[in-house]
Amino acid sequence: MRAYTEKIREAAKRLLSEDRVDVVIGFRKGTVALMNEPFLVKSLDQVDRLYWDGNCGINLANYLPKRPDRVAIVAKGCDSRNIVVHLLENQIKREQLYILGAPCHGMIDRRRILAALDGKEPLQVEEANGTIKLIGRDFEETLERSSCLQDNCAICIHRNPVVYDELLGDLVAEQENVDRYSDVRRVEAMSSEQRWQYFDDLIAPCIRCYACRNACPLCYCPTCFVDESRPQWVGKSIDRTDTRTFHFLRAYHVAGRCTDCGACERACPVGIKVRRFTKKLEKDIKELYGYEVGLSTDERPPLDTYRPGDPEPFFK
């Protein structure tokens, strides 16, 4: 992780000093342990604040749509796939970007670590040799890193960036024989009444803060449907019908576009497993069209193209 930090700083210093970019989008160390912050560097005196470790789970592609400047961006596998989506959807031009590819070993789940610490507050975090050392007042505890990953990272099969101008490290071995949809199949096996209750219970804690939407790199509409007032599509309260409408419609809006980066779940303040909505649609897109999001700038998503041979089981 320290090597990545040094390489990010070196690349940022070089690109800014050579006037090849106007801004470098990366991370800086957070003021709270396990919470690094997105950081936009515009001058050389800011470069040494750039930082990288397993707490850089926020998807930086969220800061790209409609930017007018030249941008260098640090991109994990999922970030790079979202960059591909932005390129396909004309949210930014390839010539504006200098992509610093970061082969990823998975990001840490802060909630999982805090639960393991059972109320103890970590003040310092160190990652080395597949472990995470957590240091606080009067305690020091070491956890296996593999047991502390975000759920989406544990089943990720695209850890390497798919598009980049410069790699920050060696490509990592991709995970194989991963069952990405075991949880989806369990829900599919339920009766319609059980599924209704399952999703009703899932979103019951929702406070309609829209953190999931705001963190998602695909939710870049100038005015979201939940904010429309003429006409008003959905109410502003935490009424269950309005809450269901928000979650289901947001999931359909990202169908065929979601890279399962986990930004939505990471941002949710009440811990809702938001990916339970989007993973079902990801599974359907893959089974119906053989399509995985963001792997190629030459292939458009199936839901914005038409071919005579497209499957049409929904017509029957």
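No value in this document is a laboratory result; all are computed from the given coordinates. These numbers come from a predicted model, not from an experiment. Glycine gets a Cβ as well: all are built from the backbone with ideal geometry, and neighbour counts include every protein chain shown.
Annotations for the structure displayed:
- Region 1-61 and region 63-119 have Cα centres lying 12 Å from one another.
- Across region 226-316, Cα-Cα distances exceeding 22 Å account for 41% of all pairs.
- Restricting region 32-119 to chymotrypsin sites (Phe, Trp or Tyr not before Pro) in coil, as DSSP defines it, with at most 16 other Cβ within 10 Å: none
- Distance from the alpha carbon centroid of region 216-253 to that of region 258-302 works out to 18 angstrom.
- For region 172-229: rounded, prolate or oblate by the Cα gyration tensor [a/c cutoff 1.5]: oblate
- Of the peptides 274-285, 213-224, the order by per-residue mean of other Cβ atoms within 10 Å, starting with the highest, comes out as 274-285, 213-224.
- Here region 57-175 yields Rg over Rh of 1.06, to two decimals, using C-alpha coordinates and the Kirkwood radius.
- Beta bridges per DSSP, both residues in the chain: antiparallel share near 65 percent.
- Low-density loop positions, GluC sites (Glu not before Pro), region 175-212 - DSSP coil, at most 10 other Cβ in 10 Å: 176
- Radius of gyration (Cα atoms) of the chain, expressed as a multiple of 2.2 N^0.38 Å: 1.04.
- Rule-of-thumb Rg ratio for region 1-91 [Cα; 2.2 N^0.38 Å; N residues]: 1.06
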